[in-house]
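A short worksheet on the structure shown next.
The values are calculated or read from the model by the stated rules, or taken from the named source; none is laboratory data. What you see is a predicted model, and the numbers here were worked out from it, not measured in a lab. Methodologically, a virtual Cβ is constructed for each residue, glycine included, from the backbone with ideal geometry; neighbour enumeration extends over all protein chains shown. Just the protein is used for accessible areas: all its heavy atoms, side chains included, with ligands, DNA and RNA removed. Shrake-Rupley method; radii C 1.70, N 1.55, O 1.52, S 1.80 Å.
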Amino acid sequence: MERDTARRALRRSRWRPAVVALMVLLVALVATTGWHMTTHLQYGRDSQALARQWDRDQRAGVAAARIAPLRAELRRLDADEAGWWWHAWPGGAGPGEATARLRAATTRVWDTATSEARSRAEAALAASSAFAAANAPDVTPAFTEQLAAWRIAVASTATPAGLDRLSGSIAARTAAALTQLAAQRAARSVPPASPSALLTQARSLTTRAQAGNLDPGPVPALADQLTAAVGGHGDPGAASTELASALPALQDLVTLNDQVGDQLHALMPSVEQSFAEGTPGGRAEAATYQGLTAAYSAARTVPDLQAVQQQAQGLAPSVAADLAANRCGHPVPAGHVVTLALAAQEMVFYEDGCVVSATPATTGRPELRTPTGHFAIFAKYSPFVFHSPWPPGSPFWYPTSPVSFAMEFAGGGFFIHDAPWEPDSQLGPGSENGMGASHGCVHIPLAVMSWLYSWAPIGTPVIVTA
């Protein structure tokens with residue numbers, strides 16, 4: 001018996017190291033497989049995120065040829081990763097490092113494309129600004145307004161496609177302004193104005209000055225003198241000369257008033273967007289803008305208007321820089337999100353926390369305010385016809401109203417839609433208390449609504465704040 005026990009102990013001592021070695025091998029195999037599986041799953045997520053980012057970048061204007069090498073590199077990585085289960089024990093560069101390099105390269109491609117597009121837009125803007133400066137006395141208020149809007153847009157537009165569209169628009173509008181200027185100069189080669197023409201111009205400018213709370217200077221009195229002279233109570237020639245010499249100053253005052261008003265109107269959407277986004281400078285910029293509008297309303301002379309103009313020119317780049325520096329990182333849900341700030345009458349559209357676009361809006365009138373809260377788009381229609389739920393005679397009744405696009409976001413008939421009966425110029429702050437105020441819906445420009453209808457699928461969150 002003692003010999004049998006000894007033999008069994010000897011056999012156990014012989015196979016025990018083998019068992020231990022086998023167990024160690026199994027543990028190592030399980031650990032290696034688990035690590036590779038975790039790495040492979042993370043690689044799959046990273047790979048899909050890169051592909052989605054490239055698709056978004058192409059839609060935003062990055063040339064496919066710029067992204068093609070990145071896609072080719074990802075395909076090569078996909079082929080390598082196909083055999084993830086037999087890769088060696090971790091060590092050296094892995095798929096995580098490779099996808100990190102691709103993300104860095106993607107950022108460089110985007111930055112390069114955006115920088116090049118912005119340079120093209122800045123070149124177009126510089127040419128347009130040079131045209132305006134060289135022809136300052138003859139540039140129309142509308143063009144001055146557009147030039148101010150372009151300056152803001154070039155600084156705040158964040159995609160290559162948007163910047164290239166802007167470049168084309170600047171070039172086309174500047175060419176049209178040049179054609180218009182040539183026609184204006186041709187029209188000037190006419191004989192001196194008759195007393196009747198001078199009186200017509202004086203009455204028109206005086207009316208415009210009074211409507212803008214401006215000081216018309218001596219023009220009304222000189223017009224009265226000319227009227228009396230034409231009636232036989234003086235020298236029409238001398239009275240005409242005096243009135244003709246006074247009219248250019250009043251014309252300059254009225255023109256400057258229009259230009260500053262256009263400048264403030266062009267600046268308003270960016271100020272309201274900054275406020276609605278909650279940028280660091282948004283509240284201060286809104287307060288400054290309100291002060292400028294008050295000063296503009298009180299301005300009566302050229303120096304008054306020039307002071308407002310100078311401050312507005314300083315505010316515009318500040319707002320643009322604030323928007324550009326805070327385009328991403330906003331505390332909204334992931335994916336596509338629509339927000340509406342009722343106080344600013346401004347909608348902002350986000351993708352993964354980054355601002356994609358924004359627009360002034362008009363919301364519900366005092367008796368039928370647009371509700372606040374968290375909602376989601378649950379129905380989309382194109383076209384759509386609104387029928388009044390109120391009977392004729394009700395203060396809320398409205399005629400049958402067709403629109404091109406409508407998206408319902410809250411029960412009870414609350415829609416985001418275009419409103420062909422309300423001019424785009426009336427949208428924005430205060431419009432909820434004006435003639436175009438809605439019955440609770442949200443009006444936005446047709447061009448924005450057309451884009452939003454495609455951009456925002458069913459289920460897109462809509463966040464409405466006071």
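Below are the figures for this structure:
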item: Residue that is farther than 21 Å from L267 by Cα and in a helix (DSSP H, G or I), where the choices are A121, A113; result: A113
item: Candidates V356, V403, filtered to the one that is in contact with a strand residue (DSSP E or B) (Cβ under 8 Å, 6 or more places away or on another chain), within 21 Å of W451 (Cβ to Cβ) and open to solvent by 50 Å² or more (accessible area, probe 1.4 Å); result: V356
item: Test: residue in the stretch 421-430 that is surrounded by 14 or more Cβ atoms within 10 Å (Cβ to Cβ), outside any loop (DSSP other than H, G, I, E, B) and either touching a Cys at 6+ places or on another chain (Cβ under 6 Å) or modelled with pLDDT under 95 (or both); result: yes
item: Filtered residues of the stretch 456-466 (kept if at pLDDT 95 or above and not β-branched (V, I, T)); result: A456, P457, G459, P461
item: Subset tally (residues that are among the polar types (S, T, N, Q), in contact with a Phe, Trp or Tyr (Cβ under 8 Å, 6 or more places away or on another chain) and in a loop (DSSP other than H, G, I, E, B)) for the stretch 392-401; result: 1
item: The one condition in (1) over 30 Å from W421 (Cα atoms); (2) surrounded by 18 or more Cβ atoms within 10 Å (Cβ to Cβ); (3) small (G, A, S) that A284 fails to fulfil; result: (2)
item: Residue among L199, L250, L264, L214 that is of a type in the set (A, V, I, L, M, F, W, C) and more than 39 Å from the chain's Cα centre (by Cα); result: L199
item: Filtered residues of the stretch 431-451 (kept if in contact (Cβ under 8 Å) with a residue 40 or more places away in the chain, in a loop (DSSP other than H, G, I, E, B) and either touching a helix residue (DSSP H, G or I) at 6+ places or on another chain (Cβ under 7 Å) or of a type in the set (A, V, I, L, M) (or both)); result: G434, G436, A437, H439, G440, P445
item: Selection count, the stretch 402-412, where residues are at pLDDT below 95 and in a strand (DSSP E or B); result: 0
item: Unique residue being surrounded by 13 or more Cβ atoms within 10 Å (Cβ to Cβ) and in contact with a Pro (Cβ under 7 Å, 6 or more places away or on another chain) when the list is P220, P195, P216; result: P195
item: Every residue from the stretch 119-131 that is under 25 Å from the mean Cα position of the chain (by Cα) and either aliphatic (A, V, I, L, M) or buried (at least 20 other Cβ atoms within 10 Å of the Cβ) (or both); result: A121, A123, A124, L125, A126, A127, S128
item: The lone exception for G335 - which of (1) within 19 Å of the chain's Cα centre (by Cα); (2) under 24 Å from D252 (Cα atoms); (3) surrounded by fewer than 17 Cβ atoms within 10 Å (Cβ to Cβ) it fails; result: (2)
item: Residues that are of a type in the set (G, A, S), assigned to a loop (DSSP other than H, G, I, E, B) and closer than 25 Å to A447 by Cα, drawn from the stretch 305-333; result: none
item: Pair list, Cβ under 7 Å, 6 or more apart: the stretch 235-253 residue in contact (Cβ under 8 Å) with a residue 12 or more places away in the chain, other residue open to solvent by 90 Å² or more (accessible area, probe 1.4 Å); result: A239/Q225
item: Qualifying residue in the stretch 304-312 (condition: within 26 Å of T206 (Cα to Cα), free of Cβ contacts under 8 Å to residues at least 12 places away in the same chain and surrounded by 18 or more Cβ atoms within 10 Å (Cβ to Cβ)); result: yes
